[in-house]
Each structure stands twice: as C-alpha cells, then as structure tokens.
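What follows is calculated from the coordinates using simple rules that are stated; it is not laboratory data. Everything numeric in this text was worked out from a predicted model, so none of it was measured. Glycine also receives a Cβ, built like all others from the backbone with ideal geometry; neighbour counts cover every protein chain displayed.
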Amino acid sequence: MTYSVIRVRATPSASRSGHMGGVVVVAGIAVAAWISFGRHLFGIGGDLTIIYAATLGVIFAALLVFTGLAVRRTARRGFETRAITYAFFLASGVSGLLLGLTLPDSTPRGLQTIISGPTQPALDIAIGIANPLGVIGIATAIIALVLSIRDSRGLITLVESWGDEDDGALVDPA
C-alpha cells in the first residue's frame, strides 16, 4: 500500500478588473504620505520631514504599492487574494497611521508629535511608541507583499491518495 501527495495548482476563474489592487495602491501612497508629511497638516512640520520622506515614506510606499500591484495581478489572472493578505496590509496601514501620529519632528519649540505636542511625559511616550510601530508596519508590509505575490501565482493544494500497487504480494496471515 502506498501513500502519495501531489501538488496541484488551482485553475483560474474568469479574470477580473483588479480594482481592489488600485485601492491598495492608493491607500499605500496615502499611508506613505501621511508618515512623511502628516505633521505639516498640524503645523508641526520641521527639519526631520525630509529624512522621514526619504526613508520611511519611500519604504512604505514601495512595499504597499508593490502589494497593490500584486493584488491587481492576482485578480487579472483569475485567482483570489486571501483574506490574510488583506489583514496584513490593513495591519501595516494602521501601524503606518499610528506611526504618523507619534513620529517626532524638530521644530523651533523642540521635538513635537501630533498627539503629544511638546509636553512631557507624553512626548517621551509617543517617541517610545513610534519605533515599534515603524518596525511592525514595515514587517507586516513585507509579509503582505510576500503573500500577495504568492496569491498571484495561484494556490497550491495537496491531493492525497492511497494506492494498492502490490495487491498480489499481500499474504493472508491466516
């Protein structure tokens, strides 16, 4: 008796427009813009804005835009994007929005964040929260990108089968 497992790629259904991928691209650009320039909306933009735009903004934009393009490619190929992919994208977006609230910027009044202003100890708490939010946001964006690329190739399922190749060789123990 033998046991075998075969990897089978899902067959695509009808191709779709991929508009959800476009939504993901726009949301990714919005999150990157918020992280880079959101403090200017509250009048506390400062010297660190260009550094945030060149580093965090570019990283978030690249990861989330490529995720959106992969989601669009998935739909156009007729495959489904899994819910876990959207969950990681959403987690990255929420982390990015919170990061934009807690990133400090150098102003004439000193370091300030959107949620704390220049007041202590709220400023120190906000700065302390910003670093983990950035790490979580980038990590979940990377995971969303990997999952979306994987989704665009179609799911691979395992098909198990049992077979009796040596039926004649079996001996009855009685």
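Numbers below:
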item: Hits in the range 94-113 - residues which are under 17 Å from the mean Cα position of the chain (by Cα) and of a type in the set (Val, Ile, Thr); result: Val94
item: Of all residues making up the range 12-38, the number that are crowded, with 22+ Cβ neighbours inside 10 Å and without any contact (Cβ under 8 Å) to a residue 60 or more places away in the chain; result: 2
item: Checking Val65 against (1) β-branched (Val, Ile, Thr); (2) over 23 Å from the mean Cα position of the chain (by Cα); (3) closer than 30 Å to Ser15 by Cβ, the condition it does not meet; result: (2)
item: Top-ranked residue in the range 106-116 [being in a loop (DSSP other than H, G, I, E, B) and in contact with a helix residue (DSSP H, G or I) (Cβ under 8 Å, 6 or more places away or on another chain); ranked as nearest to Ile51 (Cα to Cα)]; result: Ile114
item: Residue, nearest to Leu145 (Cα to Cα), within the range 58-117, restricted to residues that are surrounded by 19 or more Cβ atoms within 10 Å (Cβ to Cβ) and charged (D, E, K, R); result: Arg72
item: Total residues in the range 117-141, condition free of Cβ contacts under 8 Å to residues at least 12 places away in the same chain and not in a helix (DSSP H, G or I); result: 4
